[in-house]
Amino acid sequence: MRPRAGLAFLVAGTVTLLCAVGTAAQATNPIVSAILANDTIRVGEVFTLELHVDLPSTAVVRFPAVLPLPEDIEQREAVEVRSGDDDRSWSARYALLAWSSDSLSIPPVLATVAPAAAAEFEITIVPPPIAVSSVLPTDDAGLELRDARPYLRVQGFPWWILFLIAAAIATAWYLLRRRRGPEVVFAPTGPGDLAIHELEKLREEWRAGGLSVGAFYDRYETTLRRYARTTRSWAPSRTLIGLTRTGELFSALRRSLFVRFAHADAAKDAPESAIEAGESFVRSEMPRDEEADADGVDGTELDVVEEVAS
């Protein structure tokens, strides 16, 4: 009787131990799933793969940051991991993109589970196959061909209207040019007119601020020397002070010598006074009719040197 009782106790202990091991294994066995968040996946469009792990007890699940993907699939963003309030439900979202229209598969994903009161272990999650469709129409898809739009047809366009409009424009342009008067170009006729014109131009440039004092007096003496050479055969070696010994022109020429050779400073109104003195001297030697033409008293222009008909 005693051997039978010992055997019975041994069998009962073994059964109890097996039940405990089975219960512990069931308590640590997680429930895993993998789903595709997109109903239709097309080439070049981002889709989402979600991995879910449900645990019977509190634990931490670590998903891989980068999936082991084939060449036709690309991971676009970092993994997004979420957990429930009790750390029993974990999920990971991966943003992926496929580059070929085919049935693609992702290798199994290994995740690490770290229970609170047990050793870490790994679990395997198998993603579902991915059916990727092309963005191009299939070979058997019927394409609707439409006729060319009406405005593209130029055969019936009345081109003669364009020729009439062009002819009318050309005729009007020709008639307008015929009605225009001759273009007249005037120029000074004598040495006095030329000197007055150069002095007026020199005054305008000085007032505009485009000349220095030295450059002003250089051109001033050049203008008067050209006038003296034409009217008096004045030698280039002779000084212009010999033109007059008194008056404002004499003072202007002396001031010009000081500025040009002694680098002396001149008053601000000195150039204006010099031009007025030069104009007075030239006008005093001009004939009366020539002086009137230079001043524009009679309202006539200078002699015509060129007349161009349009």
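The values are calculated or read from the model by the stated rules, or taken from the named source; none is laboratory data. The shown structure was predicted, so the numbers you read here are calculated from the model rather than taken from an experiment. Using ideal geometry, Cβ is built from the backbone for each residue, glycine included, and neighbour counts are taken over all protein chains shown.
Observations, loosely collected:
- Residues (among the polar types (S, T, N, Q), out of contact with any helix residue (DSSP H, G or I) (no Cβ under 9 Å at 6 or more places or on another chain) and not in a strand (DSSP E or B)) located in the stretch 56-79: 58
- Leading residue by the ranking (modelled with the highest pLDDT) among those in the stretch 96-109 that are touching a Pro at 6+ places or on another chain (Cβ under 7 Å) and closer than 24 Å to residue 54 by Cα: 109
- Total residues in the stretch 80-127, condition part of a loop (DSSP other than H, G, I, E, B) and within 50 Å of the chain's Cα centre (by Cα): 9
- Single residue of the stretch 115-131 satisfying the filter (under 24 Å from residue 47 (Cα atoms) and modelled with pLDDT under 85) that is surrounded by the fewest Cβ atoms within 10 Å (Cβ to Cβ): 131
- Counting the residues of the stretch 209-237 that are among the aliphatic types (A, V, I, L, M) and either closer than 17 Å to residue 264 by Cα or touching a strand residue (DSSP E or B) at 6+ places or on another chain (Cβ under 7 Å) (or both) gives 3.
- Where helices (runs of 4 or more DSSP H) fall wholly inside the stretch 187-283, the ranges with 2 or more residues that are at pLDDT 80 or above and within 53 Å of the chain's Cα centre (by Cα) are 191-207, 213-232.
- Cβ pairs under 8 Å, 6+ apart, first in the stretch 179-200 and closer than 17 Å to residue 277 by Cβ and hydrophobic (A, V, I, L, M, F, W, C), second part of a helix (DSSP H, G or I) and modelled with pLDDT under 70: 196/294
- Considering 12, 27, the condition of being farther than 19 Å from residue 89 by Cα, among the hydrophobic types (A, V, I, L, M, F, W, C), at pLDDT below 85 and part of a helix (DSSP H, G or I) is satisfied by 12 alone.
- Pairs are defined by a Cβ separation below 9 Å, a sequence spacing of at least 6 or placement on different chains, a first member in the stretch 255-280 that is closer than 26 Å to residue 194 by Cα, and a second member that is of a type in the set (Asp, Glu) and assigned to a loop (DSSP other than H, G, I, E, B); the pairs so defined are 259/265.
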